[in-house]
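The values are calculated or read from the model by the stated rules, or taken from the named source; none is laboratory data. Please read all numbers here as calculations on a predicted model, not as lab measurements. Here Cβ is always computed from backbone atoms with ideal geometry, including for glycine, and neighbour counts include all displayed protein chains. These area figures cover heavy atoms from the full protein model, side chains too; ligands, DNA and RNA do not enter into them. Shrake-Rupley method; radii C 1.70, N 1.55, O 1.52, S 1.80 Å.
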Amino acid sequence: MTSKPWGGRFDAGTDRRVEEFTESISFDRRLFRHDVLGSQAHARMLAHVGLLTQPECEAIVRGLGEIQAQIEAGDFPFVLEREDVHMHIEAALTEKLGDLGRKLHTGRSRNDQVSTDVKLWTRDAIDRLAAGLVHLQRAFVASAGRHEGLILPGYTHMQRAQPVLAPHYFLAYVEKLERDRSRLADCRRRLNVLPLGAAALAGTSIPIDREFTARELGFDGVAANSLDVSSDRDFAIEAVFALTLIAEHLAGWAEEWILWSTQEFGFLKLPDAICTGSSIMPQKKNPDVLELIRGRSARVIGSLTTLLVLIKGLPLAYNRDLQEDKIPLFDAFDTVEACVELAAVVVSGASLRPERIAERLDEGFLDATTLMEHLILNGVPQRTAHEVIGRLVGLCERKGLKRLADLADADLAEASPKLGPESRGLLGVEAAIRAFKSYGSTAPAEVAGQVERWKTKLEL
Ligand code: ARG
């Protein structure tokens, strides 16, 4: 018999190197609040079914609360021999309450306990992140409000394509973040099923009441298969996948704004507060926050990969491999929460530079597609209309003209009889913007409606 909680069948103590290799206290200690919460609910359930007296239950709940306060105050001894946060807290409770503390682990195992704790932690982390996403969405909507009426060149393949209103541009990110939020909500819903009481893998012969525990902990239901839930980590993978998409959305946006803040683009002014300088080049102002948001997506993708490979090929039920899930899970949440927070700071502080954008807005033939659509609306088949305008663009390039509007009336009329002088009214980016009509397009009325919709939805 050794001093471990599982020491009964052991004659010799654990090798120190094994303790060092197998510990998880160095990273799972941050589950302590959720471990206490889960244990308190478990104790209440044990009292509810008559396995603890009311005074015993109260002593346990109080003792656990004191241990939590002690950990929060930073005056709790963590030792390698106690392996993980669950054994630390239970051992501390037993030090306080003697044999009563030794009753707490009735009808549960660390396997269902770990799973419950990690779910509770993830649920809180999802709620925090969802609030952060709303904050970032509001920052984008506010930016849309600050840049009303401003026209931007829209790109495909990083080549100028068609004009878009600046609010339309900002709302594109609001939409992405909304899907991110709904993915998190979806994951939360599937996650919110109680593992506790699944015990090690097969359930227990002790007459526990899992519905009671579920209600205590705010779970929507109780997992129906102990073998499944005692080792299920789908929820962690799903959550980190949702985080990966957030990271990818932010990385694309960051890349765009890094480009936009270059001398070459000059579209964007970043506030000093979010930039850094160079130790050698005095003139420099670098967009480090955006670069790190872009770069940290690598870590999140790495966390997702780690989890996927970790879980791949694991037979039922609990395997010690699962202990490793917390490292990528925590890191992914920490990383994405920080990126979302900083992104909101950047969005709130940055402003587009209308004069710089306007300087070259008439380059790139942003109005070509609208002019083609004018021909289509006047009965020209789309393929023909496309060719006609394509030829006009080619003609401009040969003549060294920047804009379709620079062509002579005769050139237009020669390209198509439908391109009379009245079609000039469709040229230029302002006219192109006014011509848009479809739902979800960058038409001014559509965009104004969408801005209003988001303001209402996000309570702005
Ligand atoms: N520290 C372990 C973890 O986090 C506890 C699991 C205990 N279960 C076991 N059968 N050893 O996964």
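Which of the aspartates and glutamates could a cross-linker span from K399 if the Cα-Cα distance has to be under 20 Å and same-chain partners fewer than 8 positions apart are dropped?
D362, E363, D367, E387, D409, D411, E414
Which FRET efficiency, nearest 0.05, do E422 and Q263 yield, Cβ-Cβ r, R0 35 Å?
Computed FRET efficiency for E422 and Q263 comes out at 0.30.
Between region 401-455 and region 158-212, what is the C-alpha centre distance in whole Å?
Computed from Cα coordinates, the inter-centre distance equals 41 Å.
Which ³J(HN,Hα) values, rounded to whole Hz and listed in residue order, are derived for region 454-459 from phi using the Karplus coefficients 6.51, -1.76 and 1.60 in 6.51 cos²θ - 1.76 cosθ + 1.60 with θ = phi - 60°, glycine and proline given as x?
5, 4, 5, 4, 9, 6
With unit charges on the beta carbons (Lys and Arg positive, Asp and Glu negative) and the dipole taken about the Cα centre of the chain, which residue among N192, L427, G277 sits farthest to the positive side?
So the residue furthest toward the plus end is L427.
Expected output is a single nm value to one decimal: the length gained when fully extending between V309 and D99, i.e. 0.36 nm times separation in residues minus the C-alpha distance. What is it?
71.4 nm
Would you kindly derive the ³J(HN,Hα) couplings of region 16-22 from the backbone phi angles with the Karplus curve 6.51 cos²θ - 1.76 cosθ + 1.60 (θ = phi - 60°), listing them in order in whole Hz, with x for Gly and Pro?
4, 5, 5, 4, 5, 6, 9
Find the accessible area per residue for the chain; the probe is 1.4 Å, ligands and nucleic acids are left out, and the unit is Å².
48 Å²
Send over the Kirkwood Rh of region 285-344, from the inverse of the averaged 1/r over different Cα pairs, rounded to one decimal Å.
After inverting the mean inverse Cα-Cα distance, the result is 13.0 Å.
Measure out, as a whole number of angstrom, how far apart the alpha-carbon centroids of region 230-271 and region 60-138 sit.
Taking the Cα centre of region 60-138 as reference, the centre of region 230-271 is 32 Å away.
Using the reciprocal of the averaged 1/r over all distinct C-alpha pairs, how large is the Kirkwood radius of region 77-195 in Å?
Result for region 77-195, one decimal place: 18.8 Å.
List the relative contact order of the chain as a percent without decimals, with contacts defined as Cα pairs under 8 Å and 6+ residues apart.
RCO, the chain: 15 percent.
Once the other residues with Cβ under 14 Å from the Cβ of R189 are scored (Lys, Arg +1; Asp, Glu -1), what is the net sum?
Neighbourhood net charge equals +1.
Grab the beta carbon distance between K457 and I274, set R0 = 25 Å, and tell me the FRET efficiency rounded to 0.05.
Result of the calculation: an efficiency of 0.35.
Near F365, within a Cβ-to-Cβ distance under 10 Å, what is the net charge of the other residues, with Lys and Arg +1 and Asp and Glu -1?
Spelling it out: positives minus negatives among the neighbours equals -1.
Angle, helix 32-48 long axis vs. longest principal axis of the chain, Cα atoms, 0 to 90°, nearest 10?
Long axis of 32-48 versus the principal axis of the chain: about 50 degrees.
Tabulate in residue order the Karplus-calculated ³J(HN,Hα) for region 390-403, using 6.51 cos²θ - 1.76 cosθ + 1.60 with θ = phi - 60°, rounded to whole Hz; enter x for Gly and Pro.
So the Karplus estimates, Gly and Pro as x, are x, 5, 5, 4, x, 4, 4, 5, 5, 7, x, 9, 7, 10 Hz.
Within a Cβ distance under 14 Å of E81, other residues only, what is the Lys/Arg minus Asp/Glu net charge?
So the surrounding residues net to -4.
Ignoring ligands and nucleic acids, what accessible area does T156 show with a 1.4 Å probe (Å², nearest 10)?
In the full protein context, T156 sits at about 80 Å².
How big is the chain along each principal axis, measuring the range of its Cα positions in Å and listing the largest first?
100, 55, 41
I'd like the orientation of helix 234-260 relative to the chain: the angle between its Cα long axis and the longest Cα principal axis, in ° from 0 to 90, rounded to 10.
It works out to around 30 degrees.
Which residues' amide hydrogens lie under 5 Å from the amide hydrogen of G154, considering only partners 5 or more residues apart or on another chain, with H built in the peptide plane?
When sequence neighbours closer than 5 places are left aside, the close amide H contacts are A161, Q162, V164.
Got a number for carbon plus sulfur as a percent of the chain's accessible area, 1.4 Å probe?
54 percent
Near K457, which aspartates and glutamates are there with a Cα under 16 Å away, not counting those fewer than 8 places off in the same chain?
Qualifying aspartates and glutamates at Cα under 16 Å: E175, E178, D180.
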